[in-house]
Amino acid sequence: MNTVDSIFKLPALVLEMGLTTAHNALGEAQRVVEKVAGQSRQHLTAPPLNGPSDLDTAVSEFMNHIARIARYTPKDAAHLPAASKEILDAAKKSFGFLDFTSPAAITLPVQFTLSFATLMTQSALRGLVTYDIMGSTRIQRLMTDFYDMFTELQVFVGLEYKEIIERCKDRLKEAPDDHAIRLELGETYVKCGLYDEAVEVLFQVPRDDSHYALARHEAAVALYRSGRFERAAQADVDALNSDPSDERARCMLWLSVQKLGGYPSFVPESHRMEMKVGYEKPTVEFEDIAAKIGLDKTSAGRGVAIFDYDNDGFLDIVIASAHGGCSLYHNNGDGTYTDVSINSGLDTCVNGFAITVGDFNNDGYPDLYITRLGFYVGEGQLFRNNGDGTFTDVTKNAGVKVWGPAFTASWVDYDGDGYLDLFIANNLGGLFERKTPNRLFHNNGDGTFTEVTDEAGLKTIWPTIGGAWGDYNNDGRPDLFLSNGLGRSQLYENNGDGTFTDVSERAGVTALGFGSPAFFWDYDNDGWMDIGQFVWSDHEDVIHTMKTGHGPADGNPMRVYRNNRDGTFTQVNEELGLTGCWGTMSGNAGDFNNDGYLDVVLGNGSPKMDRMEPMILLENDGKKFHNITFAAGLPFTGKSHGVNLADLFGDGRMSILVAAGGAYPGDLLTTGVYYPKRLAGNYLNVRLVGVKSNRSAIGAKVALTAGGRTQYRELSGGSNFGCLPLEQHFGLADFESIDSIEIRWPNGLEQRFENLPLNSTVEFTEGQEGWKDVYAEAKKSAKKRSKKTTAQPA
Amino acid sequence: MQNDKQKFGEPLLDFTLQQVSGGEINLAAQLRGKKGGVVVFWSSTCSHCVRYDKYFNAFAQAHPDFAFVAVASRHGETPEGVRKSIAERSLEFPILHDPGSTVAKQWFTQQTPRAFLMDADRNLLYRGAVDNFKYPDDPEFLNYLEPAISQFESGEAIAKPETASFGCAIMSVYYILPKAL
């Protein structure tokens, strides 16, 4: 940390408290004035097709309009009149709903001032926090990235990029030397996947112009993505010759030369880098089987959920897509998958983001909740599984229709009534945006839900990326950890009466950061749930990690909070060897090498087109985590937002599924399925069926004892882009037998089982003796079905 | 599991739509006297579709025995907008306007570009992407539609009859929200 940052640290904390207090006070003042004006606050439940209908949304939208106008207006006096007109139009669009003739309009000046003030205090708070996390040296480029992304995602998702292209072309006609606009045009082409057009435009930026280095680097991105690796390398050499400090160009150059078999002679030594991470000795290696099994979907890196939608015993897969519909893949039981999206109902769910699986109506068929566009605003959808291969959108009838920047969602039975409730984590939907409250919906048990967020006391000021549920204090009730995207993380203790208490300070989990999805796990097998929190780092910190093997001293690696068994946690990632900084957007824990310790896979990236980084596989040997990514045969994925894992074929080998790609239309990569080349140890897969408890048994705890060790799992209702199968995989190394399995069902019933078979997949039903061998029965049923089909006349 | 509304080897629904450059086109009539045909759901504002301008322009010449039509179904797509793109991009293939996305819905299509290969009786042979959206220079480039056409022509089974959806959504709430710009 440099001196400026150290000096700033303490006042920053004071300022943070001041801003939070000011925001809360201003918010209270807003409520009072609204009460006087006879207004009441309603959450948005439907898309605002006619623009904003409340002052807070209008003020935010107007500010976002201004940011976009500033972005796309040439910086000279001649364009001021046009910009002024655009600002006026934006004001009309944003505030058109206001009725100035109403008597309540008398309060408008005060309301407008308060609304603007609360927005500014929230924005200032986020700016302050960003500074606090990044420090003075890295903040400028990061803020530029944020400004770019948050002002244009709306443009791209609404397919308005054609208008940007036309604006840029018009500008270049009147000012051919405006190379800032030429760079903008080239970058827009890259984002659209129009690489030839991008290269042509970007190569027109002359060497003596200040935008030359960036233009060459963007051209390199276009060339790389269109498979012209040598030209891409040459373009980045030009970029580095002009700006030797550009680490992004150095990284892209490294990436290009990997395709050429090493650095060509035209690359000067000073421009080269080496990959210093990912080569620790692995215990298991992987092969890509996506094409072989029919899962090579070209994707834009969204959620992947693994579940058995038709109850045939085999694990099926659904993959969301940033632009098109969801794809549903049926597991044929013979090691292949068939795309059965058409007519499933899920194919109609476009712009999907995160997927979570839970049987909300306890009918035995797992249902889905899908969020849409967590970096903008969207409408989540609840799909009821009809049990016949189709899904019906029941969002409206179920009463969970919401409009907001939902990032992830999770199923949880927080009140233990045997029905799954729904939690939705809301991020930020724009550059100037006030926090959209997270939502907790209580399941009424009749197919409908009632929102209980306020009563539950789950209010937060921070934009939330991940909400993970787990029983951290072993009182039998699920608690909530919020991983906030820009701010401090929070832990809420479940009081058991429908309310929660914020225990973050006491628990010691309030570190600042760009939080990504989080999860509860017992990485050290002590019977107390620890917390894993993924953290997003900026591009320069990622490149630093690649080059040196560890993140910068003031970087933000993935966090592990060890449960101290007394209501507090200790952050232990450094002592566990987790020092690498990655742009982690998702990830999951699972025992890949069947050694009885949970390993971790990180899905990394960012919307930026030049930001390519690998997914990371960290192997836990019981003491430390080792980065084995490349040594284990995993590729440099580029972007791997929706990363997930499962024993897809019931053979004990945990495959890693990666829905690769990013937010922009051109950022398409292909889904990878990485399958272990060998069975590294014995295993047992456990599935649970709730009877009194919720049918999915989410929240159940399983303790398996074998080889003198006990491993603990708690069934999670999702906290990530994708959803792990509810099946629990236990690695059993070279143990020759399993001593016992103890299950604590969400409703409190405890059962113990012995004499379990090694290397199989078993299903327990709440309250029943014995278990079912899942695949033995599934294969018998498949055989019967196939005989029946063969017997039918052609 | 098989979907019961659009099956491989069974006829796709016929349609009759207005061509944006004038005149009405019926799919069954287009296929008469041909070995088969390709229907591509397409949009004038879809950046993915732009990538295939040259390929679609050259399709009729490369495959004289196959009918080819593009169907513009995207919500908000207008014949005027399509005609503007035809002029700007020198598009030479027939483009039909599908108001209300009716045909897209009947054909279970949610995004552009999405291609359907059929025989002369409209029996479905291939459904999905044109390729894996990589450039031909890229070692990882995979063509999907062309091999399917070749396999059909030579009487072979289609090795990969289906590829998954990707592209620009035909209907998205973001098209009907107030414009961002």
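The values are calculated or read from the model by the stated rules, or taken from the named source; none is laboratory data. Model, not experiment: these values are computed from the prediction. Cβ atoms come from the backbone with ideal geometry, glycine included; neighbour counts cover every protein chain shown.
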Just the residues that are within 14 Å of chain B (Cβ to nearest Cβ) and either surrounded by fewer than 20 Cβ atoms within 10 Å (Cβ to Cβ) or touching a residue at least 60 places away in the same chain (Cβ under 8 Å) (or both), please, taken from the stretch A:230-248.
A:230, A:231
Matching residues, the stretch A:599-639, being of a type in the set (D, E, K, R), surrounded by 24 or more Cβ atoms within 10 Å (Cβ to Cβ) and either touching a helix residue (DSSP H, G or I) at 6+ places or on another chain (Cβ under 8 Å) or free of Cβ contacts under 8 Å to residues at least 40 places away in the same chain (or both)
A:599, A:613
Scan the stretch B:63-73 for residues that are touching a residue at least 12 places away in the same chain (Cβ under 8 Å) and over 26 Å from residue B:99 (Cα atoms) and jot them down.
B:63, B:65
Report, by residue number, each residue of the stretch B:15-54 that is part of a loop (DSSP other than H, G, I, E, B) and either surrounded by fewer than 14 Cβ atoms within 10 Å (Cβ to Cβ) or β-branched (Val, Ile, Thr) (or both).
B:20, B:21, B:22, B:23, B:32, B:33, B:45
Residue satisfying all of: in the stretch A:148-168; among the charged types (D, E, K, R) and either more than 7 Å from chain B (Cβ to nearest Cβ) or part of a helix (DSSP H, G or I) (or both); surrounded by the fewest Cβ atoms within 10 Å (Cβ to Cβ) among these
A:166
Here are the criteria: (1) surrounded by 15 or more Cβ atoms within 10 Å (Cβ to Cβ); (2) at pLDDT below 85; (3) part of a loop (DSSP other than H, G, I, E, B). Tell me which single one residue A:48 does not satisfy.
(2)
Within the stretch A:169-212, work out how many residues are free of Cβ contacts under 8 Å to residues at least 12 places away in the same chain and within 11 Å of chain B (Cβ to nearest Cβ).
1
Any chance the stretch A:367-381 includes a residue that's more than 29 Å from residue A:515 (Cβ to Cβ) and either away from chain B (no Cβ under 11 Å) or not in a loop (DSSP other than H, G, I, E, B) (or both)?
no
Determine, yes or no, whether residue A:661 is surrounded by fewer than 22 Cβ atoms within 10 Å (Cβ to Cβ) and in contact with a strand residue (DSSP E or B) (Cβ under 6 Å, 6 or more places away or on another chain).
no
Quick one: count up the residues across the stretch B:41-62 that are more than 14 Å from chain A (Cβ to nearest Cβ), out of contact with any Phe, Trp or Tyr (no Cβ under 7 Å at 6 or more places or on another chain) and either touching a residue at least 40 places away in the same chain (Cβ under 8 Å) or not aliphatic (A, V, I, L, M) (or both).
1
Condition met for residue A:288 (more than 30 Å from residue B:74 (Cα to Cα), among the charged types (D, E, K, R) and within 14 Å of chain B (Cβ to nearest Cβ))
yes
Checked the stretch A:311-347 for anything at pLDDT below 95, within 7 Å of chain B (Cβ to nearest Cβ) and out of contact with any helix residue (DSSP H, G or I) (no Cβ under 8 Å at 6 or more places or on another chain); matches are A:321, A:323, A:324, A:339, A:340, A:342, A:343, A:347
Only one of these is under 22 Å from residue A:601 (Cα atoms) and free of Cβ contacts under 8 Å to residues at least 60 places away in the same chain: A:504, A:537, A:516. Name it.
A:537
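Here is a yes/no grid of residues against (1) buried (at least 20 other Cβ atoms within 10 Å of the Cβ); (2) closer than 22 Å to residue A:34 by Cα; (3) more than 11 Å from chain B (Cβ to nearest Cβ):
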| residue | (1), (2), (3) |
| --- | --- |
| A:64 | yes, no, no |
| A:79 | no, no, yes |
| A:83 | no, no, yes |
| A:95 | no, yes, yes |
| A:102 | no, yes, yes |
Okay, strands (runs of 3 or more DSSP E) sitting entirely in the stretch B:63-181 with 3 or more residues that are more than 9 Å from every other protein chain (Cβ to nearest Cβ) and out of contact with any Ser or Thr (no Cβ under 9 Å at 6 or more places or on another chain), I get B:66-72, B:114-119
For the stretch A:115-137, indicate whether the set of residues that are of a type in the set (Phe, Trp, Tyr) and closer than 30 Å to residue A:488 by Cβ is non-empty.
yes
Collect the residues in the stretch A:249-267 that are hydrophobic (A, V, I, L, M, F, W, C) and either within 14 Å of chain B (Cβ to nearest Cβ) or touching a Gly at 6+ places or on another chain (Cβ under 7 Å) (or both), keeping them in residue-number order.
A:255, A:260
Does residue A:109 satisfy being more than 14 Å from every other protein chain (Cβ to nearest Cβ) and modelled with pLDDT under 90?
no
Just to be sure before I move on: is residue A:227 of a type in the set (Gly, Ala, Ser) and within 14 Å of chain B (Cβ to nearest Cβ) in the structure I sent?
yes
Only one of (1) free of Cβ contacts under 8 Å to residues at least 24 places away in the same chain; (2) over 21 Å from residue A:426 (Cβ atoms) does not apply to residue A:40, and that is (2)
Limited to the stretch A:459-484, what total is found for residues that are closer than 20 Å to residue A:718 by Cα and either touching a helix residue (DSSP H, G or I) at 6+ places or on another chain (Cβ under 9 Å) or crowded, with 23+ Cβ neighbours inside 10 Å (or both)?
16
Restricted to the stretch A:349-364, and to residues that are closer than 16 Å to residue A:661 by Cα and part of a strand (DSSP E or B), which residue is farthest from the chain's Cα centre (by Cα)?
A:352
The condition of being within 32 Å of the chain's Cα centre (by Cα) and either modelled with pLDDT of 95 or more or under 25 Å from residue B:136 (Cα atoms) (or both) holds, among A:169, A:191, only for A:191
